[in-house]
Amino acid sequence: MVIPGAGELKGLKALKDVEKIAEATRFKKFAGVTADSSMLDELAAKGVRFSREDVIATARNSDGKVVFLETGNSKAGFRHVLNHADEFAAKGITEDDLPDFIMKALTEGKVVGYQGSGTGRPIYELTYKGKPQRVGVTVGGNGFIVGANPRSVG
């Protein structure tokens, strides 16, 4: 494999480095969402811990609070949301749509219930790409989007 300007890559270590680069850049190519630097500055000023280069999207929710989607890991963040990629796809929401869909749920959606006991994960209802959708989204106290899963409408 040849990367322009890098010469020929040799060995397993070089291949692993390429895989890491590919994985890191994979999450930066989503239409409809951005990581607003002024919102990131606001989070940093409040002492919220995050990695600027790992933030996929930022927005203000209906309460005016900054919420952000970070790549995360298998237990929290976008990688955790991807555990439900097949379920979202069954509802017509592709992996590439997910960041935009989640941010729209938090900024334009209406809370119509809760998943789990008491006031667990809020369930948002919105129209996305002309179709009514519901999604449960957990946002931490610092604005970090912990997880999201599709819910049935009706």
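Values in this text are rule-based calculations from the coordinates and carry no lab data. None of these values were measured; they are calculated from a predicted model. Heads up, the Cβs are rebuilt from the backbone with ideal geometry, glycines too, and the neighbour counts pull from every protein chain shown.
Which of rounded, prolate, oblate describes segment 27-88, given a ≥ b ≥ c as roots of the alpha-carbon gyration tensor eigenvalues and a/c under 1.5 marking rounded, otherwise prolate only if a/b is larger than b/c? Numbers along the way, then the final one.
Details: a/c = 1.80, a/b = 1.63, b/c = 1.10.
It comes out prolate by the Cα gyration axes.
Where does each of 96-108, 34-46, 136-148, 73-85 land if you order them by average Cβ count within 10 Å, highest first? It would help to have the intermediate numbers written out before the result.
Details: 96-108: 20.9, 34-46: 14.1, 136-148: 18.8, 73-85: 16.1.
Listed from highest to lowest mean packing, they are 96-108, 136-148, 73-85, 34-46.
Once you put a point 7 Å from the Cα of Ser117 and another 7 Å from the Cα of Thr34, both along the Cβ direction, what distance in nm separates them?
Each label point lies 7 Å from its Cα, and together they span 4.5 nm.
What is the distance, in nm, between label points placed 7 Å from the Cα along the Cα-to-Cβ direction at Lys110 and at Arg52?
For the pair Lys110/Arg52, the computed spacing is 4.0 nm.
Would you please give the residues with an amide H less than 5 Å from that of Ala57, counting only those at least 5 places away or on a separate chain, with H modeled from the backbone geometry?
Leu69
What residues qualify as long-range amide H neighbours of Arg151, i.e. H under 5 Å apart, gap of 5 or more or another chain, H built at 1.01 Å from N?
Under 5 Å from the amide H of Arg151 lie the amide H atoms of Arg134, Val135, Gly136, each far enough along the sequence or on another chain.
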